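To start, the structure under review is shown below, and the notes come after it.
Bear in mind these aren't lab numbers, they're just calculated from the coordinates by the rules spelled out. Because the structure is a prediction, the values reported are computed rather than measured. Every residue, glycine as well, gets a Cβ built from its backbone with ideal geometry; the counts of neighbours run over all protein chains shown.
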Amino acid sequence: QVQLVESGGGLVQPGGSLRLSCAASGSAFSISTMGWYRQVPGKQRELVASITSRGSTNYADSVKGRFTIARDNAKNTVYLQMNSLKPEDTADYYCNSRVFLLDYWGQGTQVTVSS
């Protein structure tokens, strides 16, 4: 069983930055693929960024060049650095862990980009 706890969401002005953190429990973090997803009401949850156990990253086209995903295996934590935020980045952001063909989700953290 993996528990994920996100933090770092909030209200930010357009052009601003936020860093999301996701702390994971358990001993399988280092072999897990970690990801950040986001969802707005009425729409499907979408992948924002992911990072494999070997550090390979993947980004949605809409965030390339603005967001960076990173992991610290010593701290069982994955981060999402979000720069140059836009109003359309407003959503609930969820941390995901995929290991042994199982998916685990955090409770989500809200990000609002507004002036």
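Amide H contacts under 5 Å for Gly16: Leu85, restricted to partners 5 or more places along the chain or on a different chain, H placed in the peptide plane at 1.01 Å from N.
With the cut-off at under 15 Å, measuring from each backbone N in the range 27-59 to a point 7 Å along the Cα-to-Cβ line of Lys86 picks out 48.
Taking 17 Å as the straight-line reach from the Cα of Lys75, the aspartates and glutamates in range (excluding those fewer than 8 positions away in the same chain) are Glu6.
For the options Ala60, Ala24, Ala70, a Gaussian network treatment of the chain with springs between C-alpha atoms closer than 10 Å singles out Ala60 as fluctuating the most.
Label separation (Gln13 vs Gln110): 2.2 nm, computed from points 7 Å beyond Cα along the C-beta direction. Charging the Cβ of each Asp and Glu at -1 and of each Lys and Arg at +1, and nothing else, the dipole of the range 49-103 about its Cα centre rounds to 260 debye. Rank Thr33, Val113, Ser53 by how far each Cα sits towards the positive end of the charge dipole of the range 29-115 (+1 on Lys, Arg Cβ; -1 on Asp, Glu Cβ) and give me just the farthest. Highest projection toward the positive end goes to Ser53. Applying 1/(1 + (r/R0)^6) with r as the Cβ-Cβ distance of Gln1 and Ser56 and R0 = 25 angstrom yields a FRET efficiency of 0.45. Applying both filters, DSSP loop and at most 16 other Cβ atoms within 10 Å, to the chymotrypsin sites (Phe, Trp or Tyr not before Pro) of the range 36-108 gives Phe100. Picking from Ser7, Ser84, Ala74, whose Cα lies most toward the positive end of the charge dipole for the chain (charges on Cβ: Lys, Arg +1; Asp, Glu -1)? After comparing all options, I get Ala74.
Taken as Cα centroids, the range 60-88 and the range 4-52 sit 8 Å apart, rounded to the nearest whole angstrom. Within the listed set Gly42, Gly15, Gly65, the Gaussian network model of the chain (springs between alpha-carbon atoms below 10 Å) gives the highest mean-square fluctuation for Gly42.
Please figure out what share of the DSSP beta bridges in the chain is antiparallel and state it in percent, rounded to the nearest 5. Antiparallel: roughly 95 percent of the beta bridges in the chain. Rounded to the nearest 20, the size of the Cβ-charge dipole of the chain about its Cα centre is 200 debye, with Lys and Arg at +1 and Asp and Glu at -1.
The residues packed around Ser32, meaning those with a beta-carbon under 11 Å from its beta-carbon, carry a net charge of +1 if Lys and Arg are +1 and Asp and Glu are -1.
Within the shell of other residues whose beta carbon sits under 14 angstrom from the beta carbon of Tyr79, the net charge comes to +1, with Lys and Arg scored +1 and Asp and Glu -1.
Would you tally the net charge around Thr52, using a Cβ to Cβ cut-off of less than 14 Å, leaving Thr52 out, and scoring K and R as +1, D and E as -1?
Numbers: positive: Arg54, Arg71, Arg98; negative: none.
Neighbour charge sum, excluding Thr52 itself: +3.
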